[in-house]
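Structure, as structure tokens:
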Amino acid sequence: MFLSFLQTSETGRKYHTEVFDTCTNVMMLLQEMPVPVIAQVSGLATAAGCQLVASCDIAVASEKASFATPGIHVGLFCSTPGVALGRAVPRKVAMEMLFTGEPISAQE
């Protein structure tokens, strides 16, 4: 839910820098947690949301959950989420997600 601030019409370099800095801090905090971090997903986790799930120690996903790295659709390769994704799922699944931007279901 913390990533809901990404759904805004704000633009500009300052705003985007703040967003990326916040995401970086959250992802780094996950790595420093002294206890296991569990993600619960019941909808669509995209881009930084997908990275957040991939960075957690355990992910629990409902049948309605799906995951995507859609940056490729606007000409951006999602390299930052790609690192966590490549560590969390099989290589070919990660590559498919990163190269196509299409969502995959929790079952996949």
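The values are calculated or read from the model by the stated rules, or taken from the named source; none is laboratory data. This is a predicted model, so every value here is computed, not measured. Methodologically, a virtual Cβ is constructed for each residue, glycine included, from the backbone with ideal geometry; neighbour enumeration extends over all protein chains shown. These area figures cover heavy atoms from the full protein model, side chains too; ligands, DNA and RNA do not enter into them. Shrake-Rupley method; radii C 1.70, N 1.55, O 1.52, S 1.80 Å.
I want the local charge near L30. Using Cβ-Cβ distances under 13 Å, sum +1 for each Lys or Arg and -1 for each Asp or Glu among the other residues. Within the 13 Å Cβ shell, the charges total -1. Using a probe of 1.4 angstrom and keeping all protein chains present, the accessible surface of region 10-108 works out to 66 square angstrom per residue.
Ordering A45, H73, V35 by Cα displacement along the dipole of the chain toward the positive end leaves H73 in first place; charges were set at the Cβ atoms of Lys, Arg (+1) and Asp, Glu (-1).
Counting only protein heavy atoms and using a 1.4 Å probe, the accessible area of M27 comes to about 20 Å².
Element breakdown for the chain at a 1.4 angstrom probe: carbon and sulfur atoms account for 58% of the accessible area.
May I ask you to derive the FRET efficiency for F77 and R13 from their Cβ-Cβ distance with R0 = 22 Å, giving the value to the nearest 0.05?
On the way: r = 20 Å, r/R0 = 0.91.
Here the calculated transfer efficiency is 0.65.
Overall, the chain carries a charge dipole of about 160 debye about its Cα centre when +1 sits on the Cβ of Lys and Arg and -1 on the Cβ of Asp and Glu, all other atoms neutral.
Annotation: L76 carries an accessible surface of approximately 110 Å², with a 1.4 Å probe and no ligand, DNA or RNA atoms counted.
Scan [x] 42, 41, 25; [y] 37, 35, 23; [z] 63, 25, 18 for the value of Cα extents along the principal axes in Å calculated from this model and give just the label. Among [x] 42, 41, 25; [y] 37, 35, 23; [z] 63, 25, 18, the one calculated here is [y].
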